[in-house]
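Okay, so here's the structure we're looking at.
The values are calculated or read from the model by the stated rules, or taken from the named source; none is laboratory data. Every value quoted in this text rests on a predicted model; they were computed, and no experiment measured them. FYI the Cβ positions are ideal-geometry reconstructions off the backbone, even for glycines, and counts take in every protein chain you see. Remember, those area values only see protein heavy atoms, side chains included, never the ligands or the DNA or RNA. Shrake-Rupley method; radii C 1.70, N 1.55, O 1.52, S 1.80 Å.
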Amino acid sequence: MGASKCENSHLPFLIAATKFHSDAMNMFDRMPAKSKKAAMAGGGGGAAADHISALPDELLQHLLSFLPSREAVRTCVLSRRWRHQWRRVPAVRISDVDNFHSVQQLNTFVRHLLLRRERVPLHECELDSFRNGEVARWYRYAVSCRAQVLRVDTAHSADYSRLPETAIASDRLTRLEFGGVQLGGSSLDLSGCPKLEALEMQGCKITVEKILSPSVKRLSITRCNFELDSRTRVSAPSLVYLELADIRGWTPLLGCMASLSTAFVRLDDRCEDYCLHSYYGDCGDTVSCGNYCTQFYDVYADDCVLLGGLSNVTNLELLTSPEVFIVRKDLLMNPTFSKLKTLLLNVWDADANLGPLVYILRHSPVLEKLTLHLHEEPKAKVEMDESNSPDDELMASKHLKVVEVRYSKRSVLRRVLRILNTYGVPPEKINTERMDLGPFGSYFSFEQTE
């Protein structure tokens, strides 16, 4: 949630005051009944409490917005000054579900909370639940209260919480986060949210045909299950940052992203775009590969699935396991990376001619920094491709300043160095480092390139 300079300057005080009232509530709970009555009649319980209670209503309500809603409601017993403050708090936080004994108790509390609070616009809303929590109802309430930041993360549910399939319309929503929920229907249409800039989906079940947001600038999709029999299409023309990692199901089809600056993509054999035998995923072996490599590439045979949407990116980290063919097949559509300056790519010894590396070297005219993670995968036996032979015309970027090569065994290193030399990369620009790499190496920070 965006905060003004004034809010930021008061933040240390607000946090301290929030802790004070949390401690005060614990002390209040331990007081005898007579003492509680006296404290409430007296209006506060001490000079420190009176000092805080003297703050304007708006500041008190802002202070309470940092607490879980259950704790904010409990402050009503501190004094008459606090009795109704919780009703105008600009945040709803159902984030402490472990403090509820059952989903029935949680549903009852939230039902009364939403019924009795005044419908002031929400700066922030956090929703968590057990299985069978009334999350869809709470979600609709948050949207109707024009939440600026909305997080729905049902981490405590044993199953996906299904959200309404209707389009969202909000003139205030700037950030939307989903975790462990089911997103269904024909589309996740966010075109009615003109101020939305950040969309995050983690561990979700996605059965929508299209994800649409004209305004979103940051999109993160991680550990999600795409469970359609066709590809989900992503339309986010204003996107600046993309993270797509560790998905299951068909890789989503990325639309044009002309403003994309930075992208991180990691795909392994949990996605369905993999083949155990064929370089381009068309072996037809339904016994060992199942249906993964025999169903379809895309609705339109001349479209890229992934790389078309990434063709305007400036900084790219692209990691795939050797059996994942989607990148190799996309390269047949001849995408060009005209703005790419920084690239991290993993290379497998199973790809004898290092096809993706060779192609990107030839089609990235302004590439400045290349980082390679070299892996050996003795079990991978996909067929080789001859279309990107190192005998082709030299086309490596004239702007290339440095190549960082991280490897675990020298057999792959020798072949990579030979390719780089063939494409005119002088040895003095190549730095090699032997290190123990995991399946996909480690995350790479593009800030290191500046």
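Tabulated results
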quantity: Out of Ala245, Ala236, Ala258, Ala263, sole residue that is surrounded by fewer than 18 Cβ atoms within 10 Å (Cβ to Cβ), hydrophobic (A, V, I, L, M, F, W, C) and touching a residue at least 12 places away in the same chain (Cβ under 8 Å); calculated: Ala258
quantity: Lone qualifier among Leu332, Leu344, Leu340 - being within 21 Å of Ile247 (Cα to Cα) and not charged (D, E, K, R); calculated: Leu344
quantity: All positions within segment 349-366 that are at pLDDT below 90, in contact with a Pro (Cβ under 9 Å, 6 or more places away or on another chain) and surrounded by fewer than 21 Cβ atoms within 10 Å (Cβ to Cβ); calculated: Asp349, Ala350, Asn353
quantity: Residue ID - nearest to Arg151 (Cα to Cα), chosen from residues in segment 114-139 that are under 30 Å from the mean Cα position of the chain (by Cα) and among the aliphatic types (A, V, I, L, M); calculated: Leu127
quantity: Segment 125-146: number of residues that are open to solvent by 50 Å² or more (accessible area, probe 1.4 Å) and under 15 Å from Asp96 (Cα atoms); calculated: 1
quantity: Segment 97-123 residues that are hydrophobic (A, V, I, L, M, F, W, C), paired with ones that are at pLDDT below 90 and in a helix (DSSP H, G or I) (beta carbon under 7 Å, 6 or more apart); calculated: Leu106/Val97
quantity: Criterion violated by Tyr160 - all others in (1) in contact (Cβ under 8 Å) with a residue 24 or more places away in the chain; (2) hydroxyl-bearing (Ser, Thr, Tyr); (3) closer than 22 Å to Cys145 by Cβ; (4) open to solvent by 50 Å² or more (accessible area, probe 1.4 Å) satisfied; calculated: (3)
quantity: Residue tally, condition among the basic types (Lys, Arg) and under 18 Å from Glu200 (Cα atoms), over segment 141-160; calculated: 1
quantity: Boolean, Leu122 is over 16 Å from Leu64 (Cα atoms), surrounded by 21 or more Cβ atoms within 10 Å (Cβ to Cβ) and not β-branched (Val, Ile, Thr); calculated: no
quantity: Residue satisfying all of: in segment 147-157; at pLDDT below 95 and not aliphatic (A, V, I, L, M); surrounded by the fewest Cβ atoms within 10 Å (Cβ to Cβ) among these; calculated: His156
quantity: Any hit, segment 18-27, residues being at pLDDT below 90, assigned to a helix (DSSP H, G or I) and under 21 Å from Arg151 (Cβ atoms); calculated: yes
quantity: Residue satisfying all of: in segment 171-180; under 21 Å from the mean Cα position of the chain (by Cα) and not hydrophobic (A, V, I, L, M, F, W, C); most open to solvent (accessible area, probe 1.4 Å) among these; calculated: Arg175
quantity: Of all residues making up segment 192-217, the number that are surrounded by fewer than 18 Cβ atoms within 10 Å (Cβ to Cβ), within 13 Å of the chain's Cα centre (by Cα) and in a strand (DSSP E or B); calculated: 1
quantity: Lone qualifier among Thr174, Thr154 - being under 19 Å from Ala136 (Cβ atoms) and of a type outside the set (D, E, K, R); calculated: Thr154
quantity: Lone qualifier among Val305, Val313 - being surrounded by 15 or more Cβ atoms within 10 Å (Cβ to Cβ), under 24 Å from Glu209 (Cα atoms) and either aromatic (Phe, Trp, Tyr) or at pLDDT 80 or above (or both); calculated: Val305
quantity: Enumeration of residues in segment 409-437 that are touching an Asp or Glu at 6+ places or on another chain (Cβ under 9 Å) and open to solvent by 40 Å² or more (accessible area, probe 1.4 Å); calculated: Lys409, Ser411, Arg415, Thr422, Asn431, Thr432, Glu433
quantity: Any hit, segment 123-136, residues being assigned to a helix (DSSP H, G or I), farther than 20 Å from Gln85 by Cα and not hydroxyl-bearing (Ser, Thr, Tyr); calculated: yes
quantity: Conditions (1) in a loop (DSSP other than H, G, I, E, B); (2) farther than 19 Å from Pro164 by Cβ; (3) open to solvent by less than 40 Å² (accessible area, probe 1.4 Å); number of the one not met by Gly185; calculated: (2)
